[in-house]
Amino acid sequence: KNHVKIYSTGRYIPPNRVSNHDLTSWMDTSDEWIVKRTGIRSRYLSRGDNTSDLCIKAAHNVLEGSHVNADEIGLIIVATMSPDGQSPSVASKVQSAIQAGQAMAFDMNAACSGFVYALSTAEKILRHAPYSYALVLGGEVMSKEIDWTDRKTAVLFGDGAAGVLIGKTDESDQFISEDLHANGDKGEALTSGNRKVDNPLIQSDKSVSYLTMDGREIFNFVTRSIPDSIQKVIEDGETEIEDIDYFLLHQANARIIEIVAKKLKRPIEAFPMNIQNYGNTSAASLPILLDELAKDRTVLNGKKQKIILSAFGGGLTWGTLLLEI
Ligand code: ACO
């Protein structure tokens, strides 16, 4: 059968925890402002590990939780908007480090929606592939993309990596329905890493730009689009909203998640959050949350739960998956 399921999850968080209080020694902000507007209390920042280092450690953790050897993996996708560089890709570095000698490997950038985009893509490639397993990671060192003098963005983001191993199965399919979108008209609401053309024909400033964000624009777009996207996958998945066990939303802002819960008329307990600990880790946020919930047996515990994964971010992009895991 052409069915696909999640075999294991894993994560790696750099060890350096930075509290809101710690930030106040570098910038004019307060624990109160950050908690009230975002729900964030701390984040973890890399002390030098780049995105591939975090992803390699997360990949080892994913594989430890499975009975699969790295050379059985045919595909590695890393969702990231903060790769080590343009080439080699983070995915290629992971492929080498874990010795996945049979795997094709590439990075995918859909900003904070990256993990949902990558998981959806990997699942489709896998269905038609001659191999049995794919590794999908989300990893970011957002702290290197940030202008640390801009308190409007610097307080929001954190570093980390996590992912899942998916594979073919004779059991029932776990991927039920999906809804993925982009609206490039609003692309300027979140920009990062721009480089100007610079060559013998035209000389420009060689610097790479830091992350900029129109927080209000994104806030409004998310609270309008995400409830509709979730409703759509539920309808297409021929299920009812009451039957969804957990709604895992990209951890960008606790207020956004509360508004989405209210709009969907579902209890906030069905929307697990860890933003208080990690801040916004962009493409890593959903797999970190999924791994935490899997490790404490809240999900992926053999109970066949209906789970929503929904993410949104730069592009603008957004996407929702309905899984039965
Ligand atoms: N500490 C203290 N004060 C601050 C800080 C700070 N860190 N940052 C801003 N302020 C001040 C501002 O200067 C402003 O003061 P003023 O009124 O005197 O000018 C005031 O607080 C309000 O600032 P706003 O930017 O208007 O604050 P807002 O209520 O919009 O909240 C926030 C900002 C938290 C960023 C919110 O807009 C938000 O969460 N948006 C969503 C962002 C998001 O979800 N991004 C996800 C996508 S990210 C991705 O794809 C990588």
Skipping prolines and chain starts, which residues have an amide H placed within reach, meaning under 5 Å, of the one on TYR7, given they are 5 or more residues away or on another chain? LEU165, ILE166, GLY167
The chain, helix-only ellipticity at 222 nm - DSSP H runs n ≥ 4, -39,500 (n - 2.57), divided by all residues, nearest 500: -9000 deg cm²/dmol
What number, in nm² with one decimal, is the all-direction average of the projected area of the convex hull of the alpha-carbon atoms of region 175-324? 10.8 nm²
Karplus-derived 3J(HN,Hα) from phi for region 166-181 (6.51 cos²θ - 1.76 cosθ + 1.60, θ = phi - 60°), whole Hz, x at Gly and Pro, runs 10, x, 6, 8, 8, 6, 6, 5, 8, 9, 8, 7, 7, 8, 10, 8
Got a sec to turn the phi values of region 39-44 into Karplus ³J(HN,Hα) couplings, 6.51 cos²θ - 1.76 cosθ + 1.60 with θ = phi - 60°, whole Hz, x for Gly and Pro? x, 7, 10, 7, 8, 10
If the cut-off is 14 Å between C-alpha atoms, which aspartates and glutamates fall inside it for LYS304, apart from same-chain ones fewer than 8 positions away? GLU171, ASP173, ASP243, ASP245, GLU324
Difference of contour (0.36 nm per residue) and Cα-Cα distance, ARG297 to GLU188: 35.3 nm
Heavy-atom accessible surface of region 44-92: percent carbon and sulfur, 1.4 Å: 41 percent
Using only protein heavy atoms and a 1.4 Å probe, report how much of PHE115 is accessible, in Å² to the nearest 10. 0 Å²
Only four residue types carry charge here, +1 at the Cβ of Lys and Arg and -1 at the Cβ of Asp and Glu. Report the dipole size of region 226-325 about the Cα centre in Debye, rounded to the nearest 20. 260 debye
Over the chain, one equal point on each Cα, no solvent: what is log10 I(q)/I(0) by the Debye formula at q = 0.11, 0.13 Å⁻¹? -0.65, -0.92
Stokes-Einstein at 25 °C, 0.890 mPa s, Kirkwood radius from Cα pairs: D for region 182-253 in µm² s⁻¹? 156 µm²/s
At ARG255 and VAL35, where each label point lies 7 Å from the Cα along Cα→Cβ, what is the point-to-point distance in nanometres? 1.6 nm
How high is the relative contact order of the chain, in percent, counting Cα pairs under 8 Å that sit 6 or more residues apart? 25 percent
Under a point spin-label approximation (7 Å from Cα along Cα-to-Cβ), what is the ASP22-GLN102 distance to one decimal in nm? 4.2 nm
Listed residues THR38, THR169, THR149; largest mean-square fluctuation, Gaussian network over the chain with Cα springs below 10 Å, found at THR149
Stretched fully, the stretch from ASP173 through ARG224 gains (0.36 nm per residue minus C-alpha distance, one decimal, in nm) 15.4 nm
Probe 1.4 Å, all protein chains in place: accessible area of ASP53 in Å², nearest 10? 60 Å²
Do you know the relative contact order of region 3-169, to the nearest whole percent, from alpha carbon pairs under 8 angstrom that are 6+ apart? 34 percent
Assign unit charges at the C-beta atoms only (+1 for Lys and Arg, -1 for Asp and Glu), then state the dipole size of the chain relative to its Cα centre in Debye, rounded to the nearest 20. 360 debye
Going through LYS57/LYS144; LYS168/LYS263; LYS263/LYS295; LYS124/LYS263 one by one, the pairs whose alpha carbons sit over 25 Å apart turn out to be LYS168/LYS263; LYS263/LYS295; LYS124/LYS263
Would you please give the FRET efficiency between GLU64 and LEU201, computed as 1/(1 + (r/R0)^6) with r the Cβ-Cβ distance and R0 = 41 Å, to the nearest 0.05? 0.20
Given a cut-off of 25 Å, what percent of all Cα-Cα pairs of region 3-169 lie beyond it? 34 percent
Measuring with a 1.4 Å probe in the full set of protein chains, what accessible area per residue, in whole Å², belongs to the chain? 44 Å²
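The values are calculated or read from the model by the stated rules, or taken from the named source; none is laboratory data. Remember, it's a predicted structure, so these values are computed and weren't measured experimentally. Methodologically, a virtual Cβ is constructed for each residue, glycine included, from the backbone with ideal geometry; neighbour enumeration extends over all protein chains shown. Each accessible area value is taken on the protein alone, full model and side chains, heavy atoms only, with ligands, DNA and RNA left out. Shrake-Rupley method; radii C 1.70, N 1.55, O 1.52, S 1.80 Å.
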